[in-house]
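Shown next, in structure tokens, is the structure this report addresses.
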Amino acid sequence: MTDLEQYLQTYFDFTQTDLAKVAAFFKPEVIRKGEFYLKIGKPCQKLSFLQSGMLRVFVDLEDREVTQWISTKGYFITDLAGLVFSKPSRWNIQALTDTAVYTIDKTDYDSLSKYIPRWPETEKLFIAHCFSTLEDRVFSFLSKTAEERYNMLFESNRELFNQVPLQYIASMLGMTPETFSRIRRKQLN
């Protein structure tokens with residue numbers, strides 16, 4: 001069973017037959033360090049599952065870059081509004097390392113219900129999971145201190161702190177590099 005199949009089986013109630021059908025639509029792909037998975041303004045025509053590596057979701061503003069998310073092994077990546085509603089992307093998605101993904105293109109994604117009768121129910125759960133994750137991030141920004149957000153990310157995704165430029169993590173956590181450094185020094189002492 002591939003990482004993709006294990007993830008799908010963990011989060012969704014697929015039969016082995018349906019699991020094999022869904023997984024067969026995903027094709028292996030490698031995104032080299034520095035290459036873009038998606039650029040702002042382009043339609044998102046795919047959904048990918050990260051087998052290894054890291055992708056950064058970010059936007060260039062007039063005065064700075066803002067990192068929205070850093071996706072790591074075991075996560076899906078896409079511009080959901082682009083995939084579902086065919087809207088132009090608001091985000092750049094770029095490989096921070098050589099990244100191996102399994103990718104399904106939009107045409108195949110849209111046709112899954114032809115092959116898997118339970119797909120609409122499964123897709124609803126998938127999108128609800130995405131939405132719930134987003135709600136958790138918004139809640140943490142509204143109710144947690146910068147230090148609490150730092151600690152939550154450190155506990156859940158410790159490897160990021162040694163593999164990703166710290167300014168990206170600071171931005172993702174909604175803090176300045178100076179605040180991030182102060183909290184980091186405090187945690188290390």
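The values are calculated or read from the model by the stated rules, or taken from the named source; none is laboratory data. Being a predicted model, the structure only gives us computed values, none of them experimental. Positions of Cβ are generated from backbone atoms using ideal geometry, with glycine treated the same way; all protein chains shown enter the neighbour counts.
Output the residues belonging to region 72-110 that are within 21 Å of residue 157 (Cβ to Cβ) and either of a type in the set (Gly, Ala, Ser) or outside the structural domain of residue 128 (by TED's automatic domain parsing) (or both).
74, 95, 100
Of all residues in region 36-53 being part of a loop (DSSP other than H, G, I, E, B) and out of contact with any helix residue (DSSP H, G or I) (no Cβ under 9 Å at 6 or more places or on another chain), which is surrounded by the most Cβ atoms within 10 Å (Cβ to Cβ)?
So in region 36-53, the residues part of a loop (DSSP other than H, G, I, E, B) come out as 39-42, 44-45, 53.
Narrowing the set further to residues that are out of contact with any helix residue (DSSP H, G or I) (no Cβ under 9 Å at 6 or more places or on another chain) leaves 39-41, 53.
On the way: 39: 12, 40: 15, 41: 9, 53: 20.
The extreme case among them is 53.
Of these, 169, 127, which one is among the β-branched types (Val, Ile, Thr), in contact with a Leu (Cβ under 9 Å, 6 or more places away or on another chain) and farther than 30 Å from residue 21 by Cβ?
From the options 169, 127, the qualifying one is 169.
Pick out the one residue from 57, 84 that is out of contact with any helix residue (DSSP H, G or I) (no Cβ under 7 Å at 6 or more places or on another chain) and over 14 Å from residue 112 (Cβ atoms). Talk me through it step by step, then tell me what you get.
On the way: 84 fails: over 14 Å from residue 112 (Cβ atoms).
Every option except 57 fails the conditions.
Any idea which residue in region 65-83 is surrounded by the fewest Cβ atoms within 10 Å (Cβ to Cβ), counting only those that are part of a loop (DSSP other than H, G, I, E, B) and of a type in the set (Ser, Thr, Tyr)?
Checking each candidate, the answer is 75.
Check off (1) within 16 Å of residue 112 (Cα to Cα); (2) aliphatic (A, V, I, L, M); (3) exposed (fewer than 14 other Cβ atoms within 10 Å of the Cβ); (4) in contact with a strand residue (DSSP E or B) (Cβ under 7 Å, 6 or more places away or on another chain) for residue 30 and give me the number that stays unchecked.
So residue 30 meets the others, but not (1).
May I ask you to say which residue of 179, 97 is β-branched (Val, Ile, Thr) and under 15 Å from the mean Cα position of the chain (by Cα)?
Working: 179 fails: under 15 Å from the mean Cα position of the chain (by Cα).
Answer to the selection: 97.
Quick one: how many residues across region 153-173 are part of a loop (DSSP other than H, G, I, E, B), surrounded by 15 or more Cβ atoms within 10 Å (Cβ to Cβ) and either touching a helix residue (DSSP H, G or I) at 6+ places or on another chain (Cβ under 7 Å) or free of Cβ contacts under 8 Å to residues at least 12 places away in the same chain (or both)?
The qualifying residues number 1.
Name the one entry in 133, 122 that is modelled with pLDDT under 95, part of a helix (DSSP H, G or I), exposed (fewer than 13 other Cβ atoms within 10 Å of the Cβ) and assigned by TED's automatic domain parsing to the domain that holds residue 35. Steps first, please.
Details: 122 fails: exposed (fewer than 13 other Cβ atoms within 10 Å of the Cβ).
Being modelled with pLDDT under 95, part of a helix (DSSP H, G or I), exposed (fewer than 13 other Cβ atoms within 10 Å of the Cβ) and assigned by TED's automatic domain parsing to the domain that holds residue 35 holds for just one of 133, 122, which is 133.
Would it be correct to say that residue 126 is free of Cβ contacts under 8 Å to residues at least 24 places away in the same chain, among the aromatic types (Phe, Trp, Tyr) and closer than 21 Å to residue 8 by Cα? Let's see the steps before the verdict.
Working: free of Cβ contacts under 8 Å to residues at least 24 places away in the same chain: no; among the aromatic types (Phe, Trp, Tyr): yes; closer than 21 Å to residue 8 by Cα: yes.
Here the answer is no, as residue 126 does not meet what is asked.
Between residues in region 69-90 that are without any contact (Cβ under 8 Å) to a residue 24 or more places away in the chain and residues that are of a type in the set (A, V, I, L, M), which pairs lie under 6 Å by C-beta distance while being six or more apart or on different chains?
Final answer for the pair search is 71/50; 71/55; 71/77.
Quick one: which residue in 58, 49 is in contact with an Asp or Glu (Cβ under 8 Å, 6 or more places away or on another chain), touching a residue at least 40 places away in the same chain (Cβ under 8 Å) and over 27 Å from residue 177 (Cα atoms)? Before you say what the answer is, go through the steps one by one.
On the way: 58 fails: over 27 Å from residue 177 (Cα atoms).
Sole residue among the options that is in contact with an Asp or Glu (Cβ under 8 Å, 6 or more places away or on another chain), touching a residue at least 40 places away in the same chain (Cβ under 8 Å) and over 27 Å from residue 177 (Cα atoms): 49.
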